[in-house]
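Notes follow the structure.
The values are calculated or read from the model by the stated rules, or taken from the named source; none is laboratory data. Just so you know, these numbers come straight off a predicted model, no measurement behind them. The area values use the complete protein model at the heavy-atom level, side chains included, leaving out ligands, DNA and RNA. Shrake-Rupley method; radii C 1.70, N 1.55, O 1.52, S 1.80 Å.
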Amino acid sequence: MSSQSPTYLIPEEWIDDLEPLPTYEHFRHPGADLDSEYARKNFEGLSRTQALVKFRDCPFTHQEDFLWMSPPAFLFYFPVIERYLYEFDKAEPTDFSPMASCIANAISSQLSYLRKLHQRGIPLVPPDSAESQAARMTSNHKKKRSDANASRKLDLAILEARMPRSIAERSQRLADHVLSNPTKFALNREEEQLLAKPWSKVKLNAQKLLNLLNP
């Protein structure tokens, strides 16, 4: 990304091959095997850039994939729906109405599930520690970047960006964006009103998660 990238973007998240992609296990969602398998078939092996292209091609189909991905896959691909909504221009009469509400339901459900996992003491990220993942990524990509120290800092920054705390904070900002621009995401006043409840729920679930994660 250029230095002129929009402020909502974390440019490093959109550098392909910088991070290991979610694997089969990272897509498995307990209690939703068929749905999580469908999400895996749609997104496994895709970089965020590729996933964004696929999502833009058929958002009505793929928004539900984000509901059923397991947390590691959701944390990795969250920037896809985030960027989609920030770059969304205007709802069209052919759109499933309102699309942003469907995405809100997926985000809200995932934040709620992350909170439940944390309350049960279940790790919210793949089992490798951030330190070991960063070391592996630095090793894998040091040939592509000349400065190994800068590379390591970059990898650690990327891992921090997809931690549950970061995703919760970004979900709150995304909710504020949608709620502040209802005419972009709805065709009429009635649809605008429908946006309020699901996105307010996103903010609530994000705050509940942050309350648990913050020391």
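Rounded to the nearest 10 square angstrom, Thr183 shows an accessible area of 80 square angstrom against a 1.4 Å probe.
Using a probe of 1.4 Å on the protein chains alone, the accessible area found for Glu44 is around 70 Å².
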